[in-house]
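**Q** For reference, the structure I am asking about is given below.
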Ligand code: BV8
Ligand code: ZN
């Protein structure tokens with residue numbers, strides 16, 4: 001299972017690339033790159049504080065809960081279920097999903113740009129620009145920015161799961177951001193049955209066996225039923 005921002009859209013969390021999405025109002029290279037952060041930590045934090053505020057007000061929707069239910073049924077039957085998410089909003093864990101691999105990190109965590117310091121801060125109020133208690137430099141959101149490698153462990157686990165799965169679903173992702181979007185190809189190469197759930201066509205729509213057009217919050221509960 002690979003999810004993207006679209007599964008959280010029905011929880012009121014904005015997506016990136018749809019009309020009116022996050023990239024319409026924020027220059028990607030200024031707010032989602034290490035260079036952008038180095039140039040203006042307060043400016044980047046201001047954008048992330050706004051996203052953290054939206055996420056702290058968001059609750060899991062029927063799509064998130066359906067995935068938690070699906071995982072329970074599959075694992076109760078002795079099967080393996082892996083949920084790989086590109087989202088940094090924590091809503092899958094809040095919905096009760098157990099095996100969540102966060103390939104783009106989490107906005108509830110911060111880390112130092114210089115030393116190994118990391119801290120789980122949740123989605124509540126934190127300093128405008130939190131600083132490292134060990135070396136005093138600004139802490140950054142513990143998310144993967146453009147041009148940065150994905151966390152090696154998470155990527156290995158995600159690629160491994162896709163390489164051995166029987167069924168793969170891409171839910172609410174524009175399938176444009178690599179290497180995460182490449183997981184779809186791994187599942188196809190592994191001979192898995194592939195499904196896409198999206199309100200609009202994506203580059204993956206013609207690659208999957210079953211493209212389902214509609215909101216995740218409606219389709220996923222139907223799949224569980
Ligand atoms: C890397 C930060 C190298 C976290 C993000 C040219 C070609 C190919 C690749 C590249 C290229 N130039 C550069 C690259 C690499 C680049 C990339 O892929 N760029 C793309 C855009 C061209 N990738 C990287 O830089 C990656 N790193 O390559 O490093 C490297 C390797 C080794 C060593 C050193 C370096 C890093 C990628 C991660 C970037 N971080 N964000 C944050 O702040 O959130 S990207 C951002 O996009 C988020 O992480 C997000 O998760 C991700 C994917 O977006 P989606 O989740 O799919 O959301 P989107 O809005 O796009 O789509 C929403 C979808 O939902 C839509 O399809 C919509 O129809 C649908 N939807 C809406 N409502 C619903 C719905 N579906 C169902 N139900 C609904 N209700
Ligand atoms: Zn430090």
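**Q** Those residues that are surrounded by 15 or more Cβ atoms within 10 Å (Cβ to Cβ) and either more than 19 Å from the chain's Cα centre (by Cα) or not in a helix (DSSP H, G or I) (or both), I need them from the range 206-217; list them, please.
**A** Step one: of the range 206-217, the residues surrounded by 15 or more Cβ atoms within 10 Å (Cβ to Cβ) are 207-208, 211-212, 215-217.
207, 208, 211, 212, 215 - these are the residues of the range 206-217 that are surrounded by 15 or more Cβ atoms within 10 Å (Cβ to Cβ) and either more than 19 Å from the chain's Cα centre (by Cα) or not in a helix (DSSP H, G or I) (or both).
**Q** Can I ask one more? For the range 87-96, which positions are within 16 Å of ligand 1 (Cβ to nearest atom) and either more than 19 Å from the chain's Cα centre (by Cα) or touching a residue at least 12 places away in the same chain (Cβ under 8 Å) (or both)?
**A** From the range 87-96, those within 16 Å of ligand 1 (Cβ to nearest atom) are 87-93, 95; that's our starting set.
Scanning the range 87-96 gives 87, 88, 89, 90, 91, 92, 95.
**Q** Just name the residue that is surrounded by the fewest Cβ atoms within 10 Å (Cβ to Cβ) out of those in the range 103-116 that are more than 16 Å from ligand 1 (Cβ to nearest atom) and within 21 Å of residue 40 (Cβ to Cβ).
**A** Within the range 103-116, the subset more than 16 Å from ligand 1 (Cβ to nearest atom) is 112, 114-116.
Okay, now just the ones that are also within 21 Å of residue 40 (Cβ to Cβ), so 112, 114.
Numbers: 112: 21, 114: 13.
Among them, the one singled out is 114.
**Q** Would a scan of the range 163-173 turn up a residue that is within 20 Å of the chain's Cα centre (by Cα) and free of Cβ contacts under 8 Å to residues at least 24 places away in the same chain? First the steps, then the outcome.
**A** Here is the first cut: in the range 163-173, the residues within 20 Å of the chain's Cα centre (by Cα) are 163, 165, 167-173.
Right, trim to free of Cβ contacts under 8 Å to residues at least 24 places away in the same chain and you get none.
Checking the range 163-173: not a single residue is within 20 Å of the chain's Cα centre (by Cα) and free of Cβ contacts under 8 Å to residues at least 24 places away in the same chain.
**Q** Please go through the range 123-138 and give me each residue that is surrounded by 13 or more Cβ atoms within 10 Å (Cβ to Cβ) and more than 15 Å from ligand 1 (Cβ to nearest atom), ordered by number.
**A** Taking the range 123-138 first, the residues surrounded by 13 or more Cβ atoms within 10 Å (Cβ to Cβ) are 123, 126, 129-132, 137-138.
Residues satisfying the conditions are 126, 129, 130, 131, 132, 137, 138.
**Q** Right, here's the next one. Got a sec? Which of 222, 134 is farther than 24 Å from residue 47 by Cβ and in contact (Cβ under 8 Å) with a residue 12 or more places away in the chain?
**A** Numbers: 222 fails: in contact (Cβ under 8 Å) with a residue 12 or more places away in the chain.
Only one candidate passes the filter, namely 134.
**Q** Among the listed residues 13, 44, which satisfies the condition of being more than 16 Å from ligand 2 (Cβ to nearest atom), assigned to a loop (DSSP other than H, G, I, E, B) and in contact with a helix residue (DSSP H, G or I) (Cβ under 8 Å, 6 or more places away or on another chain)? Outline the logic, then answer.
**A** Working: 44 fails: assigned to a loop (DSSP other than H, G, I, E, B).
Result of the check over 13, 44: 13.
**Q** From the list 170, 180, which residue is under 30 Å from residue 200 (Cβ atoms), touching a strand residue (DSSP E or B) at 6+ places or on another chain (Cβ under 9 Å), within 11 Å of ligand 1 (Cβ to nearest atom) and part of a strand (DSSP E or B)? Spell out the reasoning first.
**A** Numbers: 180 fails: part of a strand (DSSP E or B).
Criteria check complete, one pass: 170.
**Q** Further question on the same structure: Within the range 45-57, track down each residue that is touching a residue at least 24 places away in the same chain (Cβ under 8 Å) and within 13 Å of ligand 1 (Cβ to nearest atom).
**A** Of everything in the range 45-57, those that are touching a residue at least 24 places away in the same chain (Cβ under 8 Å) and within 13 Å of ligand 1 (Cβ to nearest atom) turn out to be 45, 48, 49, 51, 52, 54, 55.
**Q** Same structure, new question: Could you tell me how many of the residues in the range 183-199 are touching a residue at least 40 places away in the same chain (Cβ under 8 Å) and farther than 17 Å from residue 155 by Cα? Talk me through it step by step, then tell me what you get.
**A** Keep residues of the range 183-199 that are touching a residue at least 40 places away in the same chain (Cβ under 8 Å), which gives 183-184, 198-199.
When the remaining residues are screened for being farther than 17 Å from residue 155 by Cα, the result is 198-199.
Count: 2.
Only the coordinates and a few stated rules stand behind these numbers; no lab work does. This one's a predicted model, so the numbers in the text were calculated from it and none came from an experiment. Neighbour counts are summed over all protein chains in view; Cβ atoms, including those assigned to glycine, are modelled from backbone coordinates with ideal geometry.
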